[in-house]
Each structure stands twice: as C-alpha cells, then as structure tokens.
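See structure below.
The values are calculated or read from the model by the stated rules, or taken from the named source; none is laboratory data. None of the values given here were measured: they were computed from a predicted structure. All Cβ positions, glycine included, derive from the backbone under ideal geometry; neighbour counts span all protein chains shown.
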C-alpha cells in the first residue's frame, strides 16, 4: 500500500503532513508530494525467536566490560580454539 500527501507551497515550514491518504491508483511520482511505502512483514514464532536471540547477543556483547575476567578468558579460548580448528581444516 502506498500513502501520499500533498505539500502545498504555503506550508513550506512544516516538515511533514498531518495525514497521509491511501493512493491505490499511483501511476507516477510527483516532487510536490510525500510518499511512504508500507510493507507487511510476517509475524511468525520463528522470526520472533530469531529476533530475540539476536537482540540478546547484541546486549550481552555490549556489556563486555561487565563480564568477569574468567568468562572473558573462557570466551577468548573458545574463539581461539575455533579459529585454530578452522585454519587447520583449510590447510
């Protein structure tokens, strides 16, 4: 669905229109109008779980300075050993 609103010349100080009206018969784009493309995304359980996992890991790694030292060392060793394993598989 595409929504548009006219931008009258008298309202140049306003950045955005108050209301957007749906336009189902859009043929060409005009410079004197605002356009917004509204998309519907799937809302299934799997997508929500992936989103939660990604946000969780981003927050965990953003709080790296709060991690205890033993956990930092553990993560370093796990990453180092996995890197060694990958390099060994390549060679």
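Identify, by number, the condition in (1) touching a strand residue (DSSP E or B) at 6+ places or on another chain (Cβ under 7 Å); (2) at pLDDT 75 or above that residue 90 doesn't meet.
Unmet for residue 90, out of (1) touching a strand residue (DSSP E or B) at 6+ places or on another chain (Cβ under 7 Å); (2) at pLDDT 75 or above: (1).
Tell me the residue from 61, 80 that is in a helix (DSSP H, G or I), modelled with pLDDT under 95 and surrounded by 10 or more Cβ atoms within 10 Å (Cβ to Cβ), please.
None of the other options fit; the residue is 61.
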